[in-house]
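To start, the structure under review is shown below, and the notes come after it.
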Amino acid sequence: MRALVQEGDGTADVLHIRDVERPTLSAGQVLVRVRAASVNAVDYHTVHGGRIVSMVGRVMRMRSAPVRGVDVSGVVEAVADDVTELRAGDEVFGCASGTLAEYATGTPRGLLTKPAQLSFAEAGAMGVAGLTALQALRDHGGVHAGSRVLVFGAGGGVGTFAVQIAKALGARVTAVTGPRNIDIVRKLGADEVVDYTKDDVTKQAHRYDAIIDIAAIRSIGQLRRALVPGGVVVLVGADKRGGAALFGRIISGLFRARVLGQRLVFFVAKTRHDDLAFLKSLVESGKLRPAIDREFSFSEAREAFRYAGSGQARAKVVINVC
């Protein structure tokens, strides 16, 4: 089969479409014929981050593999004998391993039947960004009906999900983004949309119960000043420069949380079947729809990574594998 393989690190030039062995099924696994997958920050930073990102991955016990991709949508090709939740022919979405390939393996924990309302491209954008936004808001931000939420970086992949999910949870949402993203963010239903090049929300009188920081362009101290007493900053994004800048923000957040005792959270999203099911229910009820900026063909996968890391990308960048 064809797969997008990372050979080294530094730029998208290390990505190559190669012929590799099709993955074989082990107990509890599902083989998916991939239709679409999206580019996530974890993919971008793994390609560009070099040794420091590799170090972070080892510390956090994140498994690395040469074939990129985590999000997936496609059709079940086969299932192991002990899998009963899915069967061959099912259209699925979620998270799996090495999904930027013609075939990928996953488990029923990370794969659900695809909502009929979504195309394969839309479903292929749901996994990591949707889970990250949901867990940042509900689990780490404690967002509920009536919460005042600031989403900083609302125009990106996670941000476009976060705005919609926060509204679905009953929060009042202020969405901060750049001038190119204003229109797309307004369509997501935010109560207020702020252009960060014109207004600095951290200097305004408004205070928030939870700040979901995806943009990573304001210092943690500035963000904390926009909180109500007892409010929490959830760090989701990382500096696009990667390397030392990325690592430094993580260390700063951990220091403030563990040494200074501030309400500040840095986390890596977990693949949970119930959370994917919750996202699916929001789609089916009309409260959530993946926002896609651009779609690329599989042969253009390298360009998709370049675009995703260029600073020009809005919402999700999707690669149609077949």
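The values are calculated or read from the model by the stated rules, or taken from the named source; none is laboratory data. Note that the structure is predicted; figures quoted are calculated from it, not measured. Quick reminder, even Gly has a Cβ in these numbers, built from the backbone with ideal geometry, and neighbours come from all protein chains shown. Ligands, DNA and RNA are stripped out before the accessible areas are found, and what is left, the full protein with its side chains, is counted by its heavy atoms. Shrake-Rupley method; radii C 1.70, N 1.55, O 1.52, S 1.80 Å.
Quick notes on this one:
- Filtered residue count, the stretch 192-207, keeping only those that are among the charged types (D, E, K, R), over 14 Å from Ile182 (Cβ atoms) and surrounded by fewer than 13 Cβ atoms within 10 Å (Cβ to Cβ): 1
- Scanning the stretch 214-229 for residues that are under 23 Å from Val268 (Cα atoms), part of a loop (DSSP other than H, G, I, E, B) and open to solvent by less than 20 Å² (accessible area, probe 1.4 Å) yields a count of 1.
- Taking the criterion of being open to solvent by less than 20 Å² (accessible area, probe 1.4 Å) and at pLDDT below 95, the only residue of the stretch 292-307 that qualifies is Phe305.
- In summary, Met60 fulfils each of the numbered conditions (1) at pLDDT below 90; (2) touching a strand residue (DSSP E or B) at 6+ places or on another chain (Cβ under 7 Å) with the single exception of condition (2).
- Scan of the stretch 89-118 for residues that are of a type in the set (S, T, N, Q), surrounded by fewer than 19 Cβ atoms within 10 Å (Cβ to Cβ) and touching a strand residue (DSSP E or B) at 6+ places or on another chain (Cβ under 8 Å), ordered by number: Ser97, Thr113
- Residue in the stretch 134-146 that is under 20 Å from Ala37 (Cβ atoms) and in contact with a Leu (Cβ under 9 Å, 6 or more places away or on another chain) present: yes
- Gly157 vs. criteria at positive phi and surrounded by 24 or more Cβ atoms within 10 Å (Cβ to Cβ): no
Rundown of residues vs (1) closer than 18 Å to Asp139 by Cβ; (2) in a strand (DSSP E or B), yes/no style:
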position: Ala166; (1), (2): yes, no
position: Asp199; (1), (2): no, no
position: Ile212; (1), (2): yes, yes
position: Gly231; (1), (2): yes, yes
